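Written below as structure tokens is the structure these notes are about.
The values are calculated or read from the model by the stated rules, or taken from the named source; none is laboratory data. Remember, it's a predicted structure, so these values are computed and weren't measured experimentally. Glycine also receives a Cβ, built like all others from the backbone with ideal geometry; neighbour counts cover every protein chain displayed. When the accessible area is computed, the model is the full protein with side chains, heavy atoms only, and any ligands, DNA or RNA have been set aside. Shrake-Rupley method; radii C 1.70, N 1.55, O 1.52, S 1.80 Å.
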Amino acid sequence: MYLLPTTEAYEKQEISVIIPLTEEQAKAIYEKKAASANEEAIAQVIYSGDFKGEKDQLVVLFPHGKMKTKHLILLGLGKQDELTIERVRKAAS
């Protein structure tokens, strides 16, 4: 697997996307209205309670429809105030 950082919109690329989220970021998504199909897919798994952004939590979504994205991989980082560079490094590995 190759990790390539990019500034391009991931919705238009035929790739798998890793989205690291803290518990606070997951809660913010839960509280706001989704603006895109990808955001809606992410919001649905958060609304259902299947993803809360907890440390080491992992959910793989298979988006359908207008998006080219192959997979959306949600990666929980835990609480924002407990986030360390070591936790991010472990999550990325």
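Here is how the numbers come out for the structure above:
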read-out	value
Members of the range 53-70 found to be modelled with pLDDT under 80 and either closer than 19 Å to Tyr30 by Cβ or acidic (Asp, Glu) (or both), listed by number	Pro63
Of the criteria (1) over 24 Å from Lys90 (Cα atoms); (2) open to solvent by less than 70 Å² (accessible area, probe 1.4 Å); (3) at pLDDT 85 or above, which one Ala34 fails	(3)
Matching residues in the range 27-56 - criterion: being small (Gly, Ala, Ser) and without any contact (Cβ under 8 Å) to a residue 12 or more places away in the chain	Ala28, Ala34, Ala35, Ser48, Gly49
Subset tally (residues that are open to solvent by 80 Å² or more (accessible area, probe 1.4 Å) and part of a loop (DSSP other than H, G, I, E, B)) for the range 41-89	11
In the range 10-31, residue surrounded by the fewest Cβ atoms within 10 Å (Cβ to Cβ) [restricted to those that are assigned to a loop (DSSP other than H, G, I, E, B) and modelled with pLDDT under 90]	Glu14
Selection status of Gly76, within 11 Å of the chain's Cα centre (by Cα) and of a type in the set (Gly, Ala, Ser)	yes
